[in-house]
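The numbers here are math on the coordinates, done by the rules we state, and not lab data. Keep in mind that what you see is a predicted model, and the values were worked out from it rather than measured. Positions of Cβ are backbone-derived with ideal geometry, glycine not excepted, and every protein chain shown enters the neighbour counts.
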Amino acid sequence: MKEVNISVDGEELAVALSGEIDSSNADEFFMAVNAAFEFSPRNVHFVCDELCFIDSTTLGVFVKLFKHIRQAGKDMRISGLQPKIAKLFSICALDKIMRIEA
């Protein structure tokens, strides 16, 4: 994983992802986002313009974070997915439950 940059942007946590997130670093990704959310519970926006690869473990982390964020009464959205990554969300029907923006 190259980077997970987390910042507060108004009423949202902005999580900018870059590089690759896979089984070797998915736990680190989860822990970073979860810690930021627990410290400052607010809506979460994943900015994925520079994210170039994910695997099924990463999809599982997105689902886990989605459930946790929704249980806290907050929203989650994902933007900037490259077409090949967006296709993974679609194949798993995650685009039906998660807010995914172009």
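Restriction of the GluC sites (Glu not before Pro) in the stretch 1-85 to DSSP coil positions whose beta-carbon has at most 14 other beta-carbons within 10 angstrom yields GLU11. For the chain, averaging the sequence separation of C-alpha pairs within contact (under 8 Å, six or more residues apart) and dividing by the residue count gives a relative contact order of 25 percent. The order of MET76, MET98, MET31, going from fewest to most other C-beta atoms within 10 Å of their C-beta, is MET31, MET98, MET76. Using a cut-off of 10 Å between beta-carbons, work out the net charge of the residues near GLN82 (Lys and Arg +1, Asp and Glu -1, GLN82 not included). Summing Lys and Arg as +1 and Asp and Glu as -1 gives 0. Bridgeable lysines around LYS96 (alpha carbons under 21 Å apart, same-chain partners fewer than 8 residues away excluded): LYS64, LYS67, LYS74, LYS84, LYS87. Would you be so kind as to identify which of ALA93, LEU13, SER24 lies farthest towards the positive end of the dipole of the stretch 3-101, taking Lys and Arg as +1 and Asp and Glu as -1 on Cβ and the Cα centre as origin? Of ALA93, LEU13, SER24, it is ALA93. DSSP bridge analysis restricted to the chain gives an antiparallel fraction near 30%, rounded to the nearest 5.
Dipole magnitude of the stretch 3-101 about its Cα centre, charges +1 at Lys/Arg Cβ and -1 at Asp/Glu Cβ only, in debye to the nearest 20? Could you put the intermediate results ahead of the total?
Details: 10 positive and 15 negative charges, 108 e Å.
Dipole size: approximately 520 debye.
Between the stretch 22-77 and the stretch 82-102, the C-alpha centres lie 14 angstrom from each other.
Expressed as a fraction of 2.2 N^0.38 Å, the rule-of-thumb size for a compact globular protein of N residues, what is the C-alpha radius of gyration of the stretch 3-101?
On the way: Rg = 12.2 Å, N = 99, 2.2 N^0.38 = 12.6 Å.
Normalised Cα radius of gyration, the stretch 3-101: 0.97.
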